[in-house]
Amino acid sequence: YDVVIDLHKNYRSRFFSFFLGKKIYKVRKNRLNKILLVKYKKNLYKNIELIPDIYLETCKELIPDYRQLNNEKLQLWIGEDSESGNYLTGNESHKAKKRIAIAPGAKHFTKRWLPEYFSQLLQSLYEINSEIVLLGGKEDYELCQSIINNSGINAANESGKSSILETAEILDTCDLLITNDSGIMHIAAARQIPILAIFGSTVKDFGFTPYNVKHKIIEIEVLACRPCTHIGTSECKEKHFACMKAIYPIEVLEEAKIILNIK
């Protein structure tokens, strides 16, 4: 290789790349801004910069007119997409029922909306004639099944059964994804599926919102302890978990109806 593009910029990546003796391009991490916002609630972010754009900036010396790429979509190629040159499939059918994907999992506890709220949401979505599928990794299977069981409705549990590309194929059949701040959110963005994302301990300023896709972020914007982290934690340090508890199913339902154009 002729160059190293370091998008981690941590001790390990520095150690590894130092001994290669190659030209190194390092990402701008904005660590001070993150620390000040998380620890002291002082926001120095003048504008919200999304992570793909920051990554592109790292490569600006290598990519002519790199700023033109800021308007591009994320890409995730599946099936015959690469042969046809089409990376955007999405759901182009016009069914009587709206098909909605729900992703209730996340790696960290403080990024997970309450399971009982998801169950209530499933009931409400079912009442507006929606077909529902739950998605996630193997670790989310029991969570998804308990949400379905507590809702009392018939929904498909596809968590833990699918690879990333298979999950993308399922998302292609959906009109909307309702999700926490998680990896599936970005898979949906890469397939141009509309997204309704629920943010708890994290905030949009960190740049991890859906990229160049129709979406809505639901969050409690005015909360003294928020954000408490930029990646999520295993528990609410304040013990009240207000950032998630104060987001009620009716609010998520109404935003979903707006995106789906349901009155």
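Only residues that are more than 19 Å from LEU56 (Cβ to Cβ) and either modelled with pLDDT of 90 or more or surrounded by 15 or more Cβ atoms within 10 Å (Cβ to Cβ) (or both) were counted in segment 13-32, giving 2. Listed here are the strands (runs of 3 or more DSSP E) enclosed by segment 91-198 that have at least 1 residues being touching a Phe, Trp or Tyr at 6+ places or on another chain (Cβ under 8 Å), of a type outside the set (D, E, K, R) and more than 16 Å from GLU254 (Cα to Cα): 130-134, 176-180.
Does ASN180 qualify as being within 27 Å of GLU49 (Cα to Cα) and open to solvent by less than 40 Å² (accessible area, probe 1.4 Å)? Against the criterion (within 27 Å of GLU49 (Cα to Cα) and open to solvent by less than 40 Å² (accessible area, probe 1.4 Å)), ASN180 qualifies. Restricting GLU255, GLU238, GLU251, GLU221 to residues that are without any contact (Cβ under 8 Å) to a residue 40 or more places away in the chain, part of a helix (DSSP H, G or I) and open to solvent by 30 Å² or more (accessible area, probe 1.4 Å) narrows the list to GLU251. The residue list LYS73, LYS98 contains one member that is in contact with a helix residue (DSSP H, G or I) (Cβ under 8 Å, 6 or more places away or on another chain) and either open to solvent by less than 50 Å² (accessible area, probe 1.4 Å) or at pLDDT 90 or above (or both), which is LYS98.
With respect to (1) crowded, with 20+ Cβ neighbours inside 10 Å; (2) more than 16 Å from the chain's Cα centre (by Cα), the lone exception for ALA156 is condition (1). Out of THR173, THR167, THR233, one residue alone is of a type in the set (Val, Ile, Thr), over 28 Å from ARG28 (Cβ atoms) and open to solvent by less than 40 Å² (accessible area, probe 1.4 Å). It is THR167.
The values are calculated or read from the model by the stated rules, or taken from the named source; none is laboratory data. Keep in mind it's a predicted model, so treat the numbers as computed, not measured. Cβ sites come from the backbone with ideal geometry, for glycine too, and all protein chains shown count toward neighbours. To get the accessible areas, we keep the full protein, side chains included, count just its heavy atoms, and leave off ligands, DNA and RNA. Shrake-Rupley method; radii C 1.70, N 1.55, O 1.52, S 1.80 Å.
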